[in-house]
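The values are calculated or read from the model by the stated rules, or taken from the named source; none is laboratory data. Here the structure is a predicted model, which is why all the values come from computation and not from measurement. For neighbour counting, all protein chains shown are included, and Cβ atoms are generated from backbone atoms with ideal geometry for every residue, glycine included.
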């Protein structure tokens, strides 16, 4: 009966609390969303209006500067000077140094004939007497054309000014590079759906739009809808898609600058806010339900919490006991291994003493026996260092400083990996500087660094490749570089290459700890490790170590 009562009471409290708390929460959330939506739309309209205004001013300034330069050249030179093509070439160069964007320059006499021309086309001798623009420049004194094909058979536009010489008019005409003007306009083609272009009064594209249409095609847009300085409107395009348009006539009112975009694009952030709002409301509902449940079952929650804490404490005690046992086991294993290592080392010394006897020196295998004894000693010493590291994990031992020949350590590491590399048809070449001093360091850890880097290089190449290892000295630092001609590492992966558990290898072939351990070891030695890689051109790891001279013994 009591359980049923608690269950009924809990349901009533939950229902009442949800109605009382969620109703104002939902109303507030909806109101905030609507207000934010209006703000975003107004802001988008304001931004597109500002962009079309500033871009229109930039285009007006661009055209004004070219008109000014062309007029200045016409004012400061006579017709006779301009008619000499070598002088006209100098003038064109001066104009491009001053303002730029001039493709060619021509001088046209009163009869419409091109008496002088410099530029990439064969226009000298062409007659423009029947061209509309020629009549307009003679009557008005200055002219800017629409974009047209003309004799060049390429879209272009010209500006021209009229001057008089000996009572007869003549025209100085220049072609403007439309690509430079297009680059200015393309700067406003932002976002995924943004577009910007110029139209003439007939609605013909004067620059290349971003989507669908081409230059000199007729735009599906009525230019008469745009009046005043800036007009912003929303309407469907030829494909039936809603678009937000902002238009502004240039100062001479011959060209209309239009910027358009999908009106929903600025609302993408709003959709993200809506999702966050839904998440917050959902979390609020979950929090309210959790609060009700906790209130009605407070006593049981306390008992469960106490029981949970007791079980956690027991689990921690068990883990602590396991770690202590593991430490003791590691120390015991290390000591057990040290004993046979000492015997092996002792017997190796005895073998070397026997080899020093004269009768054995005459043996044909004397050198091989001596080298074998030396290798045994070397690997016994390596095994002792491994044992030392095991004890370090168990006892937190300090690193061992010893006399280290870096080149020798590199050679020993190559010997360990040479068979593996050869089986994969990978050639390991070395260029080790002979002036490297012996330094005070930890040879086992340094060998681990080289082992990790060389084995990573082999894995990166896979089959049929080359690894080049170089060492050099620069002042008080030593440098060892390991370069491979593998596939390289992308810039995105290079940023995370030294992070723990990050690997570029396929699943199951790497733990992501090798380079992290290598980086940690080198840093503890007071050095640094650097990476240089380009996709498709290989990878180079450079280990930098300080030169620490060993103390005299």
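General remarks:
- Screening the stretch 402-422 for residues that are free of Cβ contacts under 8 Å to residues at least 12 places away in the same chain and under 37 Å from the mean Cα position of the chain (by Cα) and picking the one that is farthest from residue 549 (Cα to Cα) gives 422.
- Residue in the stretch 72-83 that is out of contact with any strand residue (DSSP E or B) (no Cβ under 8 Å at 6 or more places or on another chain), within 18 Å of residue 156 (Cα to Cα) and not in a helix (DSSP H, G or I) present: no
- Counting the residues of the stretch 86-117 that are closer than 23 Å to residue 164 by Cα and not in a strand (DSSP E or B) gives 13.
- The stretch 118-147: number of residues that are within 25 Å of residue 179 (Cα to Cα) and not in a loop (DSSP other than H, G, I, E, B): 8
- Residue match in the stretch 97-119 (condition: farther than 27 Å from residue 252 by Cα, touching a strand residue (DSSP E or B) at 6+ places or on another chain (Cβ under 6 Å), surrounded by fewer than 16 Cβ atoms within 10 Å (Cβ to Cβ) and modelled with pLDDT under 90): no
- Residue that is modelled with pLDDT under 80 and either over 20 Å from residue 480 (Cβ atoms) or touching a strand residue (DSSP E or B) at 6+ places or on another chain (Cβ under 9 Å) (or both), where the choices are 352, 402, 418: 352
- For the stretch 69-82, the set of residues classified as surrounded by fewer than 16 Cβ atoms within 10 Å (Cβ to Cβ) and touching a residue at least 12 places away in the same chain (Cβ under 8 Å) consists of 75, 78, 80, listed by residue number.
- Considering the stretch 322-349, and only residues there that are at pLDDT 70 or above and more than 15 Å from residue 377 (Cβ to Cβ), the residue that is surrounded by the fewest Cβ atoms within 10 Å (Cβ to Cβ) turns out to be 339.
- Residue list for the stretch 220-237, filter: in contact (Cβ under 8 Å) with a residue 24 or more places away in the chain and either part of a strand (DSSP E or B) or within 38 Å of the chain's Cα centre (by Cα) (or both): 230, 232, 234
- Taking the criterion of being in contact with a strand residue (DSSP E or B) (Cβ under 6 Å, 6 or more places away or on another chain) and either part of a loop (DSSP other than H, G, I, E, B) or closer than 23 Å to residue 206 by Cβ (or both), the residues of the stretch 158-175 that qualify are 158, 159, 160, 161, 171, 172, 173, 174, 175.
- Selection status of residue 214, free of Cβ contacts under 8 Å to residues at least 40 places away in the same chain, surrounded by 13 or more Cβ atoms within 10 Å (Cβ to Cβ), within 39 Å of the chain's Cα centre (by Cα) and not in a strand (DSSP E or B): no
- Unique match (being in contact (Cβ under 8 Å) with a residue 12 or more places away in the chain and assigned by TED's automatic domain parsing to the domain that holds residue 95) among 188, 160, 202, 196: 160
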